[in-house]
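Everything on this sheet refers to the single structure shown next.
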Amino acid sequence: MKIAGIAAGVLFGAGLVVSGMTRPLKVLGFLDIFGAWDASLMFVMVGAIGVHLFAYRKVRGRSAPLFAPKFVVPTRRDLDAKLLIGAAVFGAGWGLGGYCPGPGIVSLPGGGLGAAVFVLAMLAGMYAVGKLERVLARVEQDDPSRTKNRIGRHGARADMMADGPRSVGS
């Protein structure tokens with residue numbers, strides 16, 4: 001099972017390099033729709049959608065994935081503050097730096113100072129969010145009424161976390 005994960009990661013990283021997603025100027029050119037727009041990454045997206053469409057249809061009929069006993073599918077469909085703020089921060093980081101997490105990490109060996117600064121900033125942000133969540137958890141323990149609908153570590157409200165993800169195929 002570990003070998004499948006490693007192989008998927010290597011394939012994903014190679015795809016990022018081949019597609020140009022590890023070159024910030026290419027990504028920023030794609031995001032600059034009112035300037036010198038570079039639409040070439042749209043072909044990467046269309047290709048990924050096509051591969052996913054084929055793979056999803058192939059896998060959909062199975063009772064379980066190849067390397068796990070069952071499919072685990074999230075059941076939450078709501079949009080909460082944590083999701084919206086996270087999406088905004090992700091978009092801002094992508095637009096300002098030209099990297100998102102995957103390409104940033106893949107670019108570390110040869111991406112120079114820009115990739116290193118991006119990944120360090122990303123790790124600092126992840127650390128800060130973890131610290132904030134621990135502080136909020138302590139506040140909730142002290143006075144549960146103050147944070148009744150507080151968003152938990154994985155985006156679930158504390159009163160919904162007991163449900164967990166729904167298993168498919170069991």
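Overview of values
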| read-out | value |
| --- | --- |
| Sole residue being at pLDDT 85 or above and open to solvent by 40 Å² or more (accessible area, probe 1.4 Å), chosen from Phe43, Phe67, Phe30 | Phe43 |
| Close pairs from the range 73-88: first in contact (Cβ under 8 Å) with a residue 12 or more places away in the chain, partner open to solvent by 60 Å² or more (accessible area, probe 1.4 Å) and assigned to a loop (DSSP other than H, G, I, E, B), Cβ under 9 Å, at least 6 apart | Val73/Pro165; Pro74/Pro165; Thr75/Asp163; Thr75/Pro165; Arg76/Met160; Arg76/Asp163; Arg76/Pro165; Asp80/Asn149 |
| Filter pass, Ile105 being more than 30 Å from Leu132 (Cα to Cα) and either modelled with pLDDT of 90 or more or not in a loop (DSSP other than H, G, I, E, B) (or both) | no |
| Hits in the range 47-64 (condition: hydrophobic (A, V, I, L, M, F, W, C) and open to solvent by 90 Å² or more (accessible area, probe 1.4 Å)) | Ile49, Val51, Leu53, Phe54 |
| Every residue from the range 70-84 that is loosely packed, with under 14 Cβ neighbours inside 10 Å, modelled with pLDDT under 90 and either in a helix (DSSP H, G or I) or within 13 Å of the chain's Cα centre (by Cα) (or both) | Ala81, Leu83 |
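Listed here are the residues, each with its yes/no results for (1) at pLDDT 90 or above; (2) within 19 Å of Lys82 (Cα to Cα); (3) surrounded by 11 or more Cβ atoms within 10 Å (Cβ to Cβ).
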site: Phe118; (1), (2), (3): yes, no, yes
site: Met122; (1), (2), (3): yes, yes, yes
site: Tyr127; (1), (2), (3): yes, yes, no
site: Lys131; (1), (2), (3): yes, yes, no
site: Leu136; (1), (2), (3): no, yes, yes
site: Val139; (1), (2), (3): no, yes, yes
site: Thr147; (1), (2), (3): no, yes, yes
site: Gly152; (1), (2), (3): no, yes, yes
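The values are calculated or read from the model by the stated rules, or taken from the named source; none is laboratory data. Since the model is a prediction, treat every value here as computed from it, not as a measurement. A quick note on method: Cβ atoms are made from the backbone with ideal geometry, for glycine too, and the neighbour counts reach across all protein chains shown. With ligands, DNA and RNA removed, areas are computed over all heavy atoms of the protein, side chains included. Shrake-Rupley method; radii C 1.70, N 1.55, O 1.52, S 1.80 Å.
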